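Here, each number is a calculation from the coordinates, and none is a lab measurement. Computed from a predicted structure; not experimentally measured. Cβ sites come from the backbone with ideal geometry, for glycine too, and all protein chains shown count toward neighbours.
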DNA sequence: AAAATTTGTTAGCCTTGCCTAACAATTATA
DNA sequence: TATAATTGTTAGGCAAGGCTAACAAATTTT
């Protein structure tokens with residue numbers, strides 16, 4: 001709790017709309033009110049009014065009854081959201097071994113509130129475990145073993161103990 | 001982002017109030033409107049009206065001009081929030097090596113949206129790295145080295161290569 | 001091209017959750 | 001104990017962001 005110093009530029013809701021628009025466009029779908037509505041599971045009038053608010057902020061262009069487009073600035077914001085989303089969902093699946101669906105759901109929520117630092121660290125973390133593939137059992141394997149058995153694999157403990165012994 | 005199937009029981013705001021009440025009480029401070037107001041950085045009338053909403057849901061007891069208390073049910077909800085908060089802030093500091101302040105801020109936001117599964121995995125993850133202390137350089141050290149130098153420590157790579165060699 | 005369907009908008013309502021201003025109760029102080 | 005200071009409440013406002021109902025434009029079908 002305790003409020004953050006700097007208020008976020010855009011609300012979670014606005015970020016969701018921008019993200020949805022960017023992703024529909026990237027999927028080569030016409031970006032229409034109905035598409036956004038379906039994707040975000042809100043009714044069309046909610047989309048219309050959201051687009052109005054986004055227009056006022058200069059983030060989208062939308063003529064009545066026509067397609068929706070991002071402005072260059074909207075593009076930048078959307079890109080940021082998508083990037084956070086992808087990093088988070090990757091972290092959840094790769095680092096924490098969470099199923100894709102849950103990972104996506106959590107990413108959708110957390111992308112709106114996570115700090116740049118924490119996000120950066122999650123990305124570094126993924127890099128880190130990907131840089132460890134030579135060790136056997138490597139990081140993800142050991143972690144999965146721990147998830148399943150509640151302890152580290154034998155050989156891993158053994159290796160640790162060896163070192164302990166040697167130290168004496 | 002695609003809505004979650006199950007709507008959260010209580011809003012982030014309500015959870016913040018419950019958490020604040022529990023923590024003030026645990027700090028042996030009188031739980032008064034003014035205290036909550038200070039802690040959450042909202043004005044007193046906002047607290048009064050929030051308490052009214054919480055009363056209606058049977059989560060707090062609050063007589064006009066008097067102290068605030070949690071009901072048994074409010075207690076359970078508050079406990080859940082505090083638990084999520086602590087697990088998250090621990091994960092950020094211990095696993096990702098993030099400074100306490102940022103960790104707290106992020107925990108405050110994410111505690112309201114994270115799924116039970118992801119939370120559980122973060123907890124397991126902390127257990128996992130704490131179960132690795134025998135290896136040298138151990139997990140947190142290697143991770144910190146990676147953060148600072150952008151690569152794994154020499155000896156770590158060397159060990160990996162040895163194994164590669166042996167395999168040939 | 002007329003009719004039917006789909007899509008989009010407008011108007012208007014509702015809840016949440018914050019705010020300020022004004023007032024009331026409580027507590028502390030002279 | 002009377003007054004001052006603090007604390008809390010009430011009343012009322014406002015923005016965000018959702019909704020439905022009714023209507024209008026666009027598109028598709030006949």
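If you take all C-alpha pairs in the range B:12-76, what percent of them are over 12 Å apart?
63
Within 10 Å of each Cβ in B:143-149, how many Cβ atoms from other chains are there, averaged over the peptide?
The mean count of partner-chain Cβ atoms within 10 Å per residue comes to 3.
Tell me the distances, shortest first, between residue A:43 and the same position across the other copies, using label points 7 Å along Cα→Cβ, in nm to one decimal.
3.2
At q = 0.24, 0.29 Å⁻¹, what base-10 log of I(q)/I(0) does the Debye formula yield for the range B:82-130 when every alpha carbon is treated as an equal point scatterer in vacuo?
Log-scaled intensity ratios, in q order: -0.81, -1.11.
For peptide A:106-112, how many partner chain Cβ atoms fall within 10 Å of a residue's Cβ, on average?
5
What nm distance separates the two modelled labels at residue A:46 and residue B:28, each placed 7 Å from Cα along Cα→Cβ?
Here the modelled spin labels are 4.8 nm apart.
Using label points projected 7 Å from each Cα along Cα→Cβ, tell me how many nm separate residue A:64 and residue A:147, to one decimal.
In this crude label model, residue A:64 to residue A:147 measures out at 5.3 nm.
Could you work out, residue by residue across A:118-125, how many beta carbons of other chains sit within 10 Å of that residue's beta carbon, and then give the average as an integer?
Per-residue shielding by partner chains comes out at 5.
Dividing the convex hull volume of the alpha carbon atoms of the range B:1-152 by its residue count, what do you get in Å³ per residue?
152
Between the range A:63-119 and the range B:22-75, how far is it from one alpha carbon centroid to the other, in angstrom?
If we compute the Cα centre of each part, the gap is 35 Å.
Compare the peptides B:76-89, A:67-80 by average per-residue count of other Cβ atoms within 10 angstrom and give them in order, highest first.
Descending mean neighbour count gives B:76-89, A:67-80.
If the label for residue A:72 sits 7 angstrom from Cα along the Cα-to-Cβ line, what are its distances to the same label in every other copy, in nm to one decimal, shortest first?
6.3
Would you calculate the separation in nanometres between label points at residue A:7 and residue B:138, each defined as 7 Å from the Cα along the Cα-to-beta-carbon direction?
Between residue A:7 and residue B:138, the label points sit 4.5 nm apart.
How much FRET efficiency would the formula 1/(1 + (r/R0)^6) give for residue A:124 and residue B:94, where r is the Cβ-Cβ distance and R0 is 22 Å, rounded to 0.05?
About 0.90, to the nearest 0.05.
Identify, for chain B, the residue whose C-beta comes nearest the rotation axis onto chain A, and round that distance to whole Å.
B:110, 3
Could you sort B:30-40, A:105-115, B:112-122 so that the peptide with the highest average Cβ count within 10 Å comes first and the rest follow in order?
Listed from highest to lowest mean packing, they are A:105-115, B:112-122, B:30-40.
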